[in-house]
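The values are calculated or read from the model by the stated rules, or taken from the named source; none is laboratory data. Fair warning: this is a prediction, and the values are worked out from it, not measured in the lab. Using ideal geometry, Cβ is built from the backbone for each residue, glycine included, and neighbour counts are taken over all protein chains shown.
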Amino acid sequence: MRLTVVSLFPELIDALFHGGIVGRARARELIRVACINPRDFVCDVHRTVDDRPYGGGPGMVMKVEPLLAAIARGQRESPPGTPVILMSPQGRRFDQDLAHRFADLPGIILVAGRYEGIDERVLSVIDQELSIGDYVLSGGELAAMVVMDAVIRLLPGAVGDAQSCSQDSFSDGLLDCPHYTRPELHGVGDVPAVLRSGNHAAIRRWRLKQSLGRTWLRRPSLLAGRKLTPEQEDLLQEFIDNIDLDDPACG
Ligand code: ADE
């Protein structure tokens, strides 16, 4: 998969390209990455990439020509079928479903805007606008990094233990269950006995019950309209019947 970011701040993107899961995926040749700087496509002495908005008002707007040139290079260097995505708080909300869909693509080009915005005419080459949440960042770089991280970790071979992705929150529409490691006993609480029992069927049921219960408590909208299996219904009911309202985790 080829991931391209169009950004005026390649040094920000570079940090992501070199470390963690992204660095490992590159080393394993699961992905190719590139950052294209619109500033490389301007010739004036000041290398101007922004200008005042028509109609007046505060701030600057990213100019159309350098952005179009940077995107065009990204497209030339990407496999056919690679969409151009603009990071913007006005876009469709990014979620795990979209991460899975992007992970099946041959590539993506993420355009990170800066300043007050970009010249609206750039939208003529944008396939989709994407938001990572209802808040405004000072640029699209962090948003692009969020999307890349979420997509890359889904690529086969990117994460050490393939199962750990399928157990993630949201991967089956539920929040993740609690996790524990040693020590078994501690002043702030003990590891639940079932996880130490070696009874794999009981562990699977406990984890599913916790996932359902957490989702019901914290993100009930994820359960709305979802048809639970009879086993899931029983486990959720068990969770609700045993809920401890004094437990901060239930708040
Ligand atoms: N750029 C600025 N804010 C953003 C957001 N919330 N999502 C995506 N891109 C952005």
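Of all the listed residues (174, 185), the sole one being exposed (fewer than 12 other Cβ atoms within 10 Å of the Cβ), in the same structural domain as residue 233 (by TED's automatic domain parsing) and in a loop (DSSP other than H, G, I, E, B) is 185.
Checking every residue in the range 214-221 against the condition of being assigned to a helix (DSSP H, G or I), at negative phi, of a type in the set (A, V, I, L, M) and not assigned by TED's automatic domain parsing to the domain that holds residue 92 gives at least one match.
Just give me the residues in the range 89-113 being within 15 Å of the ligand (Cβ to nearest atom) and within 14 Å of residue 170 (Cβ to Cβ), in sequence order.
Across the range 89-113, the qualifying residues are 93, 94, 95, 98, 99.
Starting from residues that are in a loop (DSSP other than H, G, I, E, B) and modelled with pLDDT of 95 or more, keep the ones in the range 112-134 and report whichever is surrounded by the fewest Cβ atoms within 10 Å (Cβ to Cβ). Selected residue: 134.
Among 88, 78, which is closer than 18 Å to residue 7 by Cβ and part of a loop (DSSP other than H, G, I, E, B)?
Working: 88 fails: part of a loop (DSSP other than H, G, I, E, B).
Matching residue, one of 88, 78: 78.
Among the residues of the range 21-49, those that are farther than 24 Å from residue 62 by Cα and in contact (Cβ under 8 Å) with a residue 12 or more places away in the chain comprise 21, 22, 24, 25, 28, 30, 31, 32.
Of the residues 120, 116, which single one is more than 16 Å from the chain's Cα centre (by Cα), without any contact (Cβ under 8 Å) to a residue 12 or more places away in the chain and within 16 Å of the ligand (Cβ to nearest atom)? Among 120, 116, only 120 is more than 16 Å from the chain's Cα centre (by Cα), without any contact (Cβ under 8 Å) to a residue 12 or more places away in the chain and within 16 Å of the ligand (Cβ to nearest atom).
Condition check: more than 14 Å from residue 8 (Cβ to Cβ), assigned by TED's automatic domain parsing to the domain that holds residue 52 and away from the ligand (no atom under 14 Å from the Cβ). Does residue 134 satisfy that?
no
Restricting the range 188-202 to residues that are within 33 Å of the chain's Cα centre (by Cα) and in a loop (DSSP other than H, G, I, E, B) leaves a set whose member that is surrounded by the fewest Cβ atoms within 10 Å (Cβ to Cβ) is 188. Restricting 59, 81 to residues that are of a type outside the set (D, E, K, R), under 23 Å from residue 121 (Cα atoms), in the same structural domain as residue 122 (by TED's automatic domain parsing) and at pLDDT below 95 narrows the list to 59.
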